[in-house]
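In what follows, a structure is listed as structure tokens, so that the remarks can point back to it.
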Amino acid sequence: MTSARPVDPYGQDAQHYHPPQAYPSPPGAPPSAGQQHPPQQHGPAQGPATQGGVRRPRTGAKTIPRTRKARLRVSKADPWSVMKVSFLLSIALGICTIIAVAVLWMVMDAMGVFSTIGETITEATETDSESGFDLEAFLSLPRVLIFTSVIALIDVVLATALATLGAFMYNLSAGFVGGIEVTLAEDE
């Protein structure tokens with residue numbers, strides 16, 4: 001009758017086979033099932049770091065932290081994703097521009113800048129038959145915000161188109177020179 005188990009070349013009992021343990025039992029404790037009994041060596045090969053065939057870590061050793069680094073290359077920029085990101089960023093920039101112009105207009109109006117400059121321009125442009133140019137009516141808040149919104153809308157279209165065109169141009173040039181190499185380091 002043949003056994004399905006292969007012949008044990010290490011001399012272990014085929015009936016009581018136990019797989020080797022990943023971690024040895026502590027010194028002085030009886031070995032658990034399946035743990036190999038290392039052959040006892042006496043002589044210069046056995047030192048304090050290898051007692052009983054198990055390597056012990058050095059307690060006084062200082063470890064130097066290593067910073068892992070990776071060199072990567074940006075070989076292609078997807079024009080569709082560049083277009084989406086630039087569109088969202090230019091919309092955010094347009095909204096910030098409109099809010100900044102509105103706040104600046106309100107601060108300048110509260111300081112009386114428009115009324116002072118408006119009076120000066122009215123005096124300089126008035127004639128005997130008609131009144132001068134009314135700067136305060138021309139630079140009213142709704143008119144300024146409409147003008148700023150038109151400029152922001154043009155900026156959104158131009159920034160999106162230029163970023164997408166830039167992605168296409170980067171892909172063409174990266175095909176010739178290989179792209180931009182970036183070194184990333186892990187911060188510890």
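Among the aliphatic types (A, V, I, L, M), open to solvent by less than 80 Å² (accessible area, probe 1.4 Å), part of a helix (DSSP H, G or I) and within 21 Å of V144 (Cβ to Cβ), is that true of A100?
Answer is yes for this residue.
Quick one: would you say T116 is open to solvent by less than 50 Å² (accessible area, probe 1.4 Å) and free of Cβ contacts under 8 Å to residues at least 24 places away in the same chain?
In short, no.
When you look at S115, is it of a type in the set (S, T, Y), in contact with an Asp or Glu (Cβ under 9 Å, 6 or more places away or on another chain), farther than 30 Å from N171 by Cβ and in a helix (DSSP H, G or I), yes or no?
yes
Could you check M83 against (1) hydrophobic (A, V, I, L, M, F, W, C); (2) outside any helix (DSSP H, G or I); (3) surrounded by 14 or more Cβ atoms within 10 Å (Cβ to Cβ) and say which number it fails?
(2)
So, in the range 119-130, of the ones that are surrounded by 11 or more Cβ atoms within 10 Å (Cβ to Cβ) and charged (D, E, K, R), which residue ends up farthest from the chain's Cα centre (by Cα)?
E126
How do the pairs read when you match residues in the range 145-159 that are small (G, A, S) with residues anywhere that are at pLDDT 95 or above and in a helix (DSSP H, G or I), using Cβ under 7 Å and keeping only pairs 6 or more apart or on different chains?
S149/I98; A152/G94; A152/T97; A152/I98; A159/S86; A159/S90
Restricting to the range 131-162, give me the number of residues that are over 25 Å from F87 (Cβ atoms) and within 49 Å of the chain's Cα centre (by Cα).
Going through the range 131-162 one residue at a time, the tally reaches 10.
For the range 137-188, which positions are assigned to a loop (DSSP other than H, G, I, E, B) and exposed (fewer than 11 other Cβ atoms within 10 Å of the Cβ)?
If the condition is that a residue be assigned to a loop (DSSP other than H, G, I, E, B) and exposed (fewer than 11 other Cβ atoms within 10 Å of the Cβ), then E186, D187, E188 are the ones that fit.
If F133 passes every condition in (1) open to solvent by less than 70 Å² (accessible area, probe 1.4 Å); (2) over 30 Å from L72 (Cα atoms) but one, which one does it miss?
Answer for F133: the failing condition is (1).
The values are calculated or read from the model by the stated rules, or taken from the named source; none is laboratory data. If you're wondering where the values come from, they're calculated on a predicted model, not measured in any experiment. When we count neighbours, we look across all protein chains shown, and the Cβ atoms used for this are built from the backbone with ideal geometry, even at glycine. These accessible areas exclude ligands, DNA and RNA; they are computed on the full protein's heavy atoms, side chains included. Shrake-Rupley method; radii C 1.70, N 1.55, O 1.52, S 1.80 Å.
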